[in-house]
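Inspection log for the structure reproduced underneath, given as structure tokens.
The values are calculated or read from the model by the stated rules, or taken from the named source; none is laboratory data. Every value quoted in this text rests on a predicted model; they were computed, and no experiment measured them. Methodologically, a virtual Cβ is constructed for each residue, glycine included, from the backbone with ideal geometry; neighbour enumeration extends over all protein chains shown. The protein model used for the area step is the full one, side chains on, heavy atoms only, and it has no ligands, DNA or RNA in it. Shrake-Rupley method; radii C 1.70, N 1.55, O 1.52, S 1.80 Å.
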Amino acid sequence: MKVLVLALAVAIVAPEFNPGQTYVYKYEGSLLGGLPEEGLARAGVKIKSKVLIRREADNFIRLKFESPEIFEYSGIWPKDAFMPATKLTSALSAQLLTPIKFEYANGVVGKVYAPAAVSETVVNLYRGILDIFQMNIKKTQNVYDLQELGVQGVCKTQYTVRDDSKAERIYLTKSKDLNMCQEQIMKDLSLEYAEKCVECEKAKTLKGASSFNYVLKPETNSAKILQATVREIFEFSLFNIMNQAAQMESKLNLTFVELNNTPVELLRAEYLERGSLQYKFSNELQQTPFQLLKREDTRQIEDLLNHLVTSNIAKVHEEAPLKFLQLIQMLREAKYEQILALWNQYKDKQDYRHWILSAIPSIRQHNSLRFFKDKYLANEISAAALVGPLMVSIQWVKAMILILSFKFNQEPILRTAIRLGYGTLVRKYCQENPACPAELVKPANDGLTEFVERREYDEVISLLKLLGNAAHPASRKSIQKLLPGFGNAAANLPLKVHIEALLALKNIAKKEPKLVQETAMQVFMDRDLHPELRMVAAMVLFETKLPMGLVISLADSIVKERQMQISSFVYSYMKSMTKSSAPDYASVAAACNVAIRILSPRLERLSYRYSRALYFDSYSDPWMIGASASAYYINDVASVLPKTIVAKARTYLAGASTDIVEFGVRTEGIQEAMLKIRDIPNNEQRLNKMKMIMKALSQWRAEPSSQPLASVSVKILGQEVGFASLDKTIVDQVMEVMYLNHCLLLNNTLISALNALESGFSRHFVQPLLIAEIGRALPTAFGLPMELSLYTAAVASASLELQAGVSPRPADNFHVSQLLMSDINVRAAFMPSVSAHTYAVMGVNTAFIKAAVVAKANAYTITPAKIESRLDMIKGNFKLQLLPVQGIDKIAFGQLETFAVAKDMEDIRITPLVPVETGSRSASSEILPAEHDHRMQEEKLGPKDFTRKMCAQSLTYGIKACAQVQSRNASYIKVTLLINCISAVGPAIERIEIDVQVGEKAAEKIIKVIHSNEEEEILEDKNVLMKLKKILVPGLKNNTSSSSSSSSSSSSSSSSSSKKPNKMLEFMGIQTWTSGRQSSNSSSSSSSSSQSSSSSSMRQTHSYVIMGEIELSFIPLHFQAKYLANSVAPSMTVLVRAIRTDHKMQGYQIVAYVDKVSNRVQVILANLTEDNQWRVCADGVILSKHKLMAKVAWGIECKQYKTEVIAETGIFDQKLAARLKFAWDKIPKGLEQSIKRMEKVKSVSKQIKVMVAIVSDNTLNVNLQTPKVHTYPPVFSLCTCAIVSECIVRNDDVTSFNRKSFSHEKPHLCGQILAQDCTPDVKFIVLERKDQATEQREITVKISDILIEIYPKSVGVGVRINGKEIDTSLPYHHEQGFFIEIKSKEQGIIILAPKFGLQEVFYDGSTIKVVDWMRGLTCGLCGRADGEPKQEFRTPSKRVSVDSTSYAHSWVLGGESCRDASQCLMKLESVKLEKQVNLEGQNSKCYSVDRVLRCLPGCMPVRTTSVRIGFHCVPAADSLSSIHEKSSDLIESAEAHLACRCTAQCS
């Protein structure tokens, strides 16, 4: 028992180091990365050394390496051995031999101290050893777990203690789950915008675990570590696939050697506190892939710049992206003064300057922002040139709040960029620092209030976008105050501010979704708000991943929604969301599937003129990759273009999701500007049209209330990077340039351009770009960081050379039209090229130690073109020559290869992932040697898993294109794709020529004449006549039998002929044909014969009538001349041929003939090769004004395949229709088999018919008949062009702008607003006044300051303008030129004022039309013209009335005096409900919230009517005020007065 107690007591004692003794350990640690299979290459590093540990009197423990050696590994595992890294050992020996000291008590490591000369990399290597000594021993347990501090952070650790008392050893094991850490140490690069998708990760993309095994020897009050082994493995895979992960493995072995008294002397330098046991990052992830470059000095930066500039002129160099990455890395390592010196040296050289400005934003340091600030203030960079690099710098720079305080008040574009950038910096800072202070956004929040008070709404919008980028929760309330219903000032703000406030909440919703959902839901449910604002609120809701409850609430509100635009918007999103496969939207998709059943299926049939929200995604679980796209467009019936369009793309990868790009466009004022210039006559000359357009734009500029023409915004990675409005300032600048002195183009500009083209014009463009630099670094047990990173850089280049000649040379004062009478020659060469490199790195990439597995992918493409063209307008000739480009045989190249790399300072060891037969290969060079790939191709590299070469060639034009694919998988990871263009087999081709000749000289260009065979034509004529006879005779027999079998010959024959039309007549297209179909509809046919014959039948016949007179047949014309070449001169000849060195003809000839007498067109395409009879013959003829017919044949002498197309217009079911018929006699087997597979039938009927009938202005009915299917799909609507809205008022009947019809009784002598401009400008008002006694009506139209009255006279009508009767001789134009015209039309008077929004007012019948751009902006009895019939009865108080008469009376202008019997004796007022009401258990009194027409005081009603209106009730004892602002509690009937009689004593 005593022995057992002693064993337990010893087992729980932590290791300690006795003072005055030096513990000597043998240490070996390694880190290897690669694929887990043996026989493949790996890369890594190893350290071997003795470790001395000694506790001194100051209670600190000293730790020192003795005789350290560093080894590198880049070879085939496990065959190859570690190689000594002598240069690296020499470079780090001074630091490794410097002792450190640390605190240690009870098995817990405290603070670590080291001199400043010891780099963080070396201190981290010491931390890897110190982590071995970290042991949290529990005195009462042998198996337990806890959260333990280590190198990787605070992670879950499992302890197991076992005692071997006989051997006097204690065995301790601790295991760490590195995926369950409370405070895990890691560092991310450019992952601030990635959102973690928990639902996407069914398996972790990055998994890690470590195991520590100790052998302890118990001593008095302590234990000594005899041996410690550590093994740690990280596995990484982008995909959810088992056993396919790359891994990083750390192994550490610490073995006790001896105790001695050798002192461990500290340096005399100051020992600084360097933190705790936790790993500390230095400049990791600031190193681009290390195999790319050596460490360079500033002089070599100059050499690199020279290489980049000189090697990327004509085309981009294949290695340009690699060199660009090198330049970025050099600038990162350079001091700020060196960057300034480099700029000062090259700032005046545009090409060098461009490369420097492209590289500096990517150095990821605050020096980049400092540089741009200094250079802008020094006027060395303009504001326009600064915006792009500045935004890129902000995206790349490390998260740190930095306010750019240089002056930008005079540069709006720069002010916008800085505000957006500041918001981005705030978000990045808050992403890394969860305790993000609200003071960061306080200036912007305060600015909102200030600018709202000053009504500077553009500044308000700019700050809202800043806050949207920042996404700080502290700004939510400030934004919310700008929304209707949340702040007193919000009601007076313009709509665009409300919309921007909602959109600013989108990013905040990612942090506080519930609070944003409450705000957006409240806005959406307020039906008094603008429909566009409510739809934007719905859009914000969609982005917040709504829970089931809110989705059902949205669906329930849509059921009761009156705005069809909103109903369509929400329904379309829910419908598309039901098909979502994205894991993070699975709950939303399920909720939408439930909600969609609540909504009416009729919403599915709404046309695209209604607003829509569309969503599509695709996601693969095994690959953990996916993408989604959403598009929102907000429309209204008044829009020619959608008012707002928002499109967004999102991607999923490795358990994270990111918004890639988002575009938003608002067409605000562009529609009004477009529609105001729609009346330009089509026959106007182009120059006059342009002048009229400029004049219309000038009028738009002159209007004080004009809004911007359009605005656009762009978001990248969820951050808005730019927005702009096309407003008056921009238009003014354009007008100054284009409309100077009423000339669109100045002569001196033309002369300068022409001179430049004649002397030769060349331009070169090159743009480098660091597309991606993302990564994550995690500490390993070895003390070095494991890096996972991806780098992508690309360089695009384009060169253009252009030279033109004009003959005869025009004079200096020539006009543009003179060029159309000249002979113009143009030579051009264009060569665009792109090179892109991508590097994926897994391994160690610190400033000193570098070893990793790298996947390198590069792509290169170049598409050169060299052309020469000639245009001779006088001769009607156009010639285009495609000339060969020398020295380019490879137009596309792509390669992916994987290898292991280790670097010993300047020496690089590169080993392909799969070994070659001769063993591993190492090299020392700046980059992968150019000859390296060449040698690998020449040597036998191992088994080729896949090699394929595919070629396609055109012997006609001497072109051959080949694509070669080489792939080495699993055991051989290398993929190469090569596409090249080479000369095909055959004679050399000098050039490819396209020659077009029109007019009289077309015949001169014909090379191959197509002759006709008369005997063949006669034979064909006889065969066709026989076929006609077979068709004609049965048709006549049918008519005869039908006539004889009827009791009434006339009606019977009519019926018979309608059912079975004469086949000959049908074939010749002379009169009509009918088509029958089964239908359950009750509508009748349009023809009387059909009606009489189908009265007892359930079958309905629809007749298709060809409009026009008897049509010409195509057949006789075809017989007269099979080839028009025999009788008609060609109208156009086109030659597309290859010019060979042996001068033989090769290519194609197209000849077109036009016979105006027979309205026939014939096009023949023939192969120019001798003895080649393959050709295409196309024949078309206009049979009548409403029917076209075409025949196309091709093959040998156009006899192999034949098709026929007939297009016609006519009447179908009493509706305008068009029909297209496609039939064939013989077509290629491949095409026929495709039709069979598509239709899933064994035999194919040889025709397809499509009929389209116009049901209404915005609806089409489509009938499709295929070989298998003959369907009449349901009527569906399409987007329509905006048309003039029309309102018709006849007596008491009204058809509104929205085509809703209703009736009401008009009050006697009271003016009633029929239509009015309801914008603040009030451009027009139309009133009607009716005398019930005489049934006469008067129309009053107020346009601007002009009052027009139209009234009945004894004979005809009279017209007064501003009280003055005008001459009856019409038309009349207003003398001040206000674009107002009055003229006679039929039996009435018409007023035209389209410039003021009033298309016309017609007195006889009171027809009112408003122009397109006024739709949705009108009000009155005729409605809003907004396409929302459910909202039609909207009163001036914005309430929707339930009664048409009440609605009509709400637009009556009441009288003021009862003493004038010729005026209105009524007014609108609220009335009390006469009956008693018990509401909610209380006796209540009720007053109408809708005003009722009542007689003036002192008058009594003569005629009344009943109206249904809303009442608001209060308890009988309560008082009531402001009744018109109250809600409606019940609907009841009330009495309205229509005519009154007043006493003489009335007041």
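Put Asp458, Asp164, Asp1404, Asp1179 in order of accessible area, largest first, 1.4 Å probe: what do you get? List each step's numbers first, then the result.
Details: Asp458 110, Asp164 45, Asp1404 80, Asp1179 15 Å².
Per-residue accessible area, sorted high to low, gives Asp458, Asp1404, Asp164, Asp1179.
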In order through the range 494-500: 3J(HN,Hα) via Karplus (6.51 cos²θ - 1.76 cosθ + 1.60), integer Hz, x for Gly, Pro: x, 4, 5, 5, 4, 5, 5
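Between their Cα atoms, which of Lys1215/Lys1306; Lys879/Lys1185; Lys349/Lys903; Lys879/Lys1156; Lys315/Lys349; Lys1199/Lys1249 are more than 30 Å away from each other?
Details: Lys1215/Lys1306 36 Å; Lys879/Lys1185 35 Å; Lys349/Lys903 37 Å; Lys879/Lys1156 27 Å; Lys315/Lys349 20 Å; Lys1199/Lys1249 24 Å.
Listed pairs above 30 Å: Lys1215/Lys1306; Lys879/Lys1185; Lys349/Lys903.
Of all trypsin sites (Lys or Arg not before Pro) in the range 38-81, which ones are in loop regions per DSSP and have a Cβ with at most 16 other Cβ atoms within 10 Å? Please report the intermediate quantities before stating the final value.
Details: sites: Arg42, Lys46, Lys48, Lys50, Arg54, Arg55, Arg62, Lys64, Lys79; in loops: Lys79.
Passing sites in the range 38-81 are Lys79.
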In the range 1146-1208, the trypsin sites (Lys or Arg not before Pro) that fall in loop regions by DSSP, at most 15 other Cβ within 10 Å: Lys1156, Lys1185, Lys1199
Distance between the range 568-626 and the range 1497-1523 - C-alpha centres, whole angstrom: 48
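What is the gain in length, in nm to one decimal, between Thr255 and Met1500 on full extension, counting 0.36 nm per residue of separation less the C-alpha to C-alpha distance?
436.6 nm
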Pairwise Lys count, the range 140-241 - Cα closer than 23 Å, eight or more residues apart or different chains: 24
Listed residue pairs exceeding 30 Å between alpha carbons, taken from Lys560/Lys643; Lys481/Lys560; Lys428/Lys514; Lys1001/Lys1246; Lys50/Lys79: Lys1001/Lys1246
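Once you list every other residue whose beta carbon is under 10 Å from the beta carbon of Lys545, what net charge do they have if Lys and Arg are +1 and Asp and Glu are -1?
On the way: positive: Lys510; negative: Glu543, Asp584.
Charge balance in the 10 Å sphere: -1.
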Rounded to the nearest 10 Å², the accessible area of His530 at probe 1.4 Å: 80
Alpha-carbon Rg with Dmax, taken over the range 1456-1533, Å: 14.6, 49
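Quick check: net charge around Glu801, other residues with Cβ under 15 Å of its Cβ, Lys/Arg +1 and Asp/Glu -1?
On the way: positive: Lys315, Arg763, Arg827, Lys866; negative: Glu758, Glu868.
That works out to +2.
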Under 5 Å, built H, 5+ apart or other chain: amide partners of Lys1226: Lys1202
Total formal charge among the other residues, if their Cβ is under 12 angstrom from that of Gln182, Lys/Arg +1 and Asp/Glu -1: -2
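Of Lys1008/Lys1122; Lys46/Lys87; Lys890/Lys1144; Lys510/Lys715, which ones are farther than 20 Å apart at the Cα? Write down the numbers at each step before the final one.
Details: Lys1008/Lys1122 17 Å; Lys46/Lys87 14 Å; Lys890/Lys1144 28 Å; Lys510/Lys715 16 Å.
Those over the limit are Lys890/Lys1144.
What are the trypsin sites (Lys or Arg not before Pro) within the range 545-582 that DSSP puts in a loop, where the Cβ has at most 11 other Cβ atoms within 10 Å?
Working: sites: Lys545, Lys560, Arg562, Lys575, Lys579; in loops: Lys545, Lys560, Arg562, Lys579.
Of the trypsin sites (Lys or Arg not before Pro), the ones in loops of the range 545-582 whose Cβ has at most 11 other Cβ atoms within 10 Å are Lys560.
Which order do you get for Glu192, Glu333 if you rank them by accessible area with a 1.4 Å probe, largest at the top? Intermediate results must be reported in sequence, preceding the final value.
Numbers: Glu192 25, Glu333 75 Å².
Sorted descending by solvent-accessible area, the residues read Glu333, Glu192.
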